[in-house]
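Okay, structure first, notes after.
Please treat every number below as a calculation from the coordinates, not as lab data. What you see is a predicted model, and the numbers here were worked out from it, not measured in a lab. Methodologically, a virtual Cβ is constructed for each residue, glycine included, from the backbone with ideal geometry; neighbour enumeration extends over all protein chains shown.
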Amino acid sequence: MVKKRNKLEIVFEIIDILSKESLNPTRLAMLVNMPYDRLKKLLEELIEKRIIQFEEQGRSKIFMLSPQGYRLYEELKKVRKILKDYGILD
């Protein structure tokens, strides 16, 4: 049985991907493996919290981490490592 990801895991995956490259939402949805409509809600929430930002390029938006998002990413990596060291995360 496939384990469902929780919101924190999905958000970390989005932040992790965007820490490496800026992407349009369609490509990001493919990489995160979730439907665009669900991803869109999460992206709106992350924009509102100033974790990610976007630039309009023609008719599409390109999403990237904000400076705050990069700081959050570094902190989440530390927390994730600690949780893995204690066997709480796989």
Beyond 23 Å between alpha-carbons counts as too far, so tell me which of Lys41/Lys61; Lys7/Lys81; Lys3/Lys49 fall in that bin.
Lys3/Lys49
Degrees between helix 67-85 axis and first principal axis of the chain (Cα, 0 to 90, nearest 10):
20 degrees
Taking Cα extents along the principal axes in Å straight from the coordinates, which label in (i) 46, 33, 21; (ii) 65, 26, 14; (iii) 39, 29, 22 is the correct one?
(i)
Helical contribution to [θ] at 222 nm, DSSP H n ≥ 4, -39,500 (n - 2.57), averaged over the chain, rounded to 500
-19000 deg cm²/dmol
Where a ≥ b ≥ c are the square roots of the eigenvalues of the C-alpha gyration tensor, would you call segment 14-61 rounded, which needs a/c under 1.5, or, failing that, prolate if a/b is larger than b/c, or oblate?
rounded
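In debye, nearest 20: dipole of the chain around its Cα centre with unit charges on the Cβ of K, R (+) and D, E (-)?
Details: 19 positive and 14 negative charges, 43 e Å.
Computed about the Cα centre, the dipole is about 200 debye.
What percent do you get for the relative contact order of the chain when only Cα pairs under 8 Å and 6+ apart count?
On the way: 75 pairs, mean separation 24.8, N = 90.
Once normalised by length, the contact order is 28 percent.
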